[in-house]
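Below is one structure, written out as structure tokens; comments come after it.
Nothing in this text is a laboratory measurement; each read-out follows from the coordinates by a stated rule. Worth saying up front: this structure is predicted, and the values here are computed from it rather than measured. Note that we place each Cβ from the backbone using ideal geometry, even for glycine, and neighbour counts take in every protein chain shown.
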Amino acid sequence: MNKLKRQMNDDLRPEYDLRELRVRRFGPARRSFGGTLVLLEPEVAEKFPDASAVNEALRFLIRIAREKESSRPLRRSEGDPSGTTL
């Protein structure tokens, strides 16, 4: 028991609370702790150096899609003889 007690006595600083420690697994069983995990195909992943570059590109694409959507004129509904727009 004395040997076990010596092993547990370490120099870890008090601000490191290991009771809250969470460990990630390696490989396909690995999970993210707080976000959504999205797997990119290899040919897509090689175009981006890191996650922030992927996020930046996706935000740009979303902005462009919204701008295009808002600039599109409203269509007449089919079967509406008055010719009014929606």
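Using R₀ = 41 Å, calculate the FRET efficiency as 1/(1 + (r/R₀)^6) where r is the Cβ-Cβ separation of residue 70 and residue 21; round to 0.05. Please list the in-between numbers first.
Numbers: r = 47 Å, r/R0 = 1.15.
Calculated transfer efficiency: 0.30.
Stretched out straight at 0.36 nm per residue, the stretch from residue 54 to residue 11 would grow longer than its current Cα-Cα span by 11.5 nm.
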